[in-house]
Amino acid sequence: MFQIDYYAYSNRMVSIHPAEKFLFSFITMLICLAINSYAVSLAVILLMTGAVVLRAGIPWGLYLKLMALPAAFLLVGVAAIALSVSFSGQAAGTFWGFSLAGVSVGVSAGGLALAGKIFLKSLAAACCLYFLALTTPMVDIISLLRKIKAPSLFMELMGLVYRFIFVMAETAEKIYTSQSSRLGYVNLNRGYHSLGQLVSNLFVKSYHRSKMLFIALTSRCYNGEITVLERNYSLSPGNIAVILLLDTGLVLFGIWEKWGGPAA
């Protein structure tokens, strides 16, 4: 079982109503995306990190390891935004660059500022999604979507895909262990060969497991809807008040930072 799924069921916020956590995550993410500000993005990152680590009790090491994945992806993406390319001499406004075969590549202050703003905003949005994923089991999320009348096909696909993430991860781990015990990754060439075999075998085995799962569901009178037991939750007026207070504070902070504080 993935650590994300483990902590989703065992964190200190698991007893809180899923709608409250969804509301907090969704509204905070909307505020972060709507207000184009370094300070607000940083505030959202700190707020969500505090909620996940201090309130929900998720270990620091796991959270930083999870955040490293979107951070590395975003760094590669925003690097293209920070760079300015010119085919007719040095690009205007660049403070660092080089030329190669008549093409000038440089970094401008405006491009660097835009890249930094997009990076922080995207990372803050990822923090909001991690908050929901680490504190709310998938069963509760699907139950919440069912209550707000989300399309049933979307929810069934969501549940099946989520289930097969674990199936594929378990299958890949077993294949990798078997290959490693036969020195399948002893050097680079054998490693590439073994990796290709792993991917091809993973596809075949996953297809076979999906057929077996469909047969099992059909034998249990599957009619296009998977019904699971749902926990009973009660909304907390105190939690809702805290959510509204925090998000209102973010909005006011964004307005002050844009109009009354230092330049964004």
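Can you pull out the helices (runs of 4 or more DSSP H) entirely within region 109-190 that have at least 2 residues that are among the basic types (Lys, Arg) and under 30 Å from Ala79 (Cα atoms)?
Details: elements: 109-135, 138-147, 152-181.
The qualifying helices (runs of 4 or more DSSP H) are 109-135.
Got a sec? Which of Gly50, Gly57 is out of contact with any Ser or Thr (no Cβ under 6 Å at 6 or more places or on another chain), under 28 Å from Pro237 (Cβ atoms), part of a loop (DSSP other than H, G, I, E, B) and not aliphatic (A, V, I, L, M)?
Values: Gly50 fails: part of a loop (DSSP other than H, G, I, E, B).
Unique residue meeting the criteria: Gly57.
So for region 170-184 (the condition being of a type in the set (A, V, I, L, M), modelled with pLDDT of 80 or more and within 24 Å of the chain's Cα centre (by Cα)), does at least one residue qualify? Give the steps one after another, and end with the answer.
Going residue by residue through region 170-184, those that are of a type in the set (A, V, I, L, M) are 172, 175, 183.
Add one more test, that the residue is modelled with pLDDT of 80 or more, and what stays is 172, 175, 183.
Okay, now just the ones that are also within 24 Å of the chain's Cα centre (by Cα), so 172.
For region 170-184, residues of a type in the set (A, V, I, L, M), modelled with pLDDT of 80 or more and within 24 Å of the chain's Cα centre (by Cα): present.
For region 110-132, how many residues meet the condition of being crowded, with 18+ Cβ neighbours inside 10 Å and in contact (Cβ under 8 Å) with a residue 60 or more places away in the chain?
10
Go through Gly254, Gly191, Gly196 for me and flag whichever is in contact (Cβ under 8 Å) with a residue 40 or more places away in the chain and more than 29 Å from Tyr9 (Cα to Cα). Full working, then the answer.
On the way: Gly191 fails: in contact (Cβ under 8 Å) with a residue 40 or more places away in the chain; Gly196 fails: in contact (Cβ under 8 Å) with a residue 40 or more places away in the chain.
Matching residue, one of Gly254, Gly191, Gly196: Gly254.
Counting only residues that are part of a helix (DSSP H, G or I) and of a type in the set (S, T, N, Q), how many does region 1-38 have? Walk me through it before giving the result.
If we filter region 1-38 for residues that are part of a helix (DSSP H, G or I), which is where we start, we get 3-10, 18-34, 38.
Among the residues that remain, those that are also of a type in the set (S, T, N, Q) are: 3, 10, 25, 28.
Adding up the residues that qualify gives 4.
Within region 8-41, can you find the residues that are among the hydroxyl-bearing types (Ser, Thr, Tyr) and in contact with a Phe, Trp or Tyr (Cβ under 6 Å, 6 or more places away or on another chain)? Step through it out loud before you land on a result.
Of the residues in region 8-41, the ones among the hydroxyl-bearing types (Ser, Thr, Tyr) are 9-10, 15, 25, 28, 37-38, 41.
The answer is Ser25, and nothing else.
Do we have any residue at all in region 230-240 that's surrounded by 10 or more Cβ atoms within 10 Å (Cβ to Cβ), under 30 Å from Thr171 (Cα atoms) and out of contact with any strand residue (DSSP E or B) (no Cβ under 6 Å at 6 or more places or on another chain)?
Kept after step one, since they are surrounded by 10 or more Cβ atoms within 10 Å (Cβ to Cβ), are these residues of region 230-240: 230-231, 233, 235-236, 239-240.
Applying the additional criterion that residues be under 30 Å from Thr171 (Cα atoms) yields 230.
From what is left, the residues that are out of contact with any strand residue (DSSP E or B) (no Cβ under 6 Å at 6 or more places or on another chain) are 230.
Checked against the condition, which is being surrounded by 10 or more Cβ atoms within 10 Å (Cβ to Cβ), under 30 Å from Thr171 (Cα atoms) and out of contact with any strand residue (DSSP E or B) (no Cβ under 6 Å at 6 or more places or on another chain), region 230-240 yields at least one hit.
Listed here are the residues, each with its yes/no results for (1) closer than 23 Å to Ala169 by Cα; (2) within 19 Å of the chain's Cα centre (by Cα); (3) modelled with pLDDT under 90.
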residue: His17; (1), (2), (3): no, no, no
residue: Leu23; (1), (2), (3): no, yes, no
residue: Phe26; (1), (2), (3): no, yes, no
residue: Leu30; (1), (2), (3): no, yes, no
residue: Ser37; (1), (2), (3): no, no, yes
residue: Leu42; (1), (2), (3): no, yes, no
residue: Leu47; (1), (2), (3): no, yes, no
residue: Ile81; (1), (2), (3): no, no, yes
residue: Ser86; (1), (2), (3): no, no, yes
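Report, ordered by the first and then the second residue, all pairs with beta carbons closer than 6 Å, sequence separation of six or more or different chains, a first member in region 224-249 that is assigned by TED's automatic domain parsing to the domain that holds Cys32 and of a type in the set (S, T, N, Q), and a second member that is modelled with pLDDT of 80 or more and assigned to a helix (DSSP H, G or I).
If the second residue must be modelled with pLDDT of 80 or more and assigned to a helix (DSSP H, G or I), the pairs left are Asn239/Glu20.
The values are calculated or read from the model by the stated rules, or taken from the named source; none is laboratory data. What you see is a predicted model, and the numbers here were worked out from it, not measured in a lab. Here the Cβ is made from the backbone with ideal geometry for all residues, glycine too, and neighbour counts use every protein chain on show.
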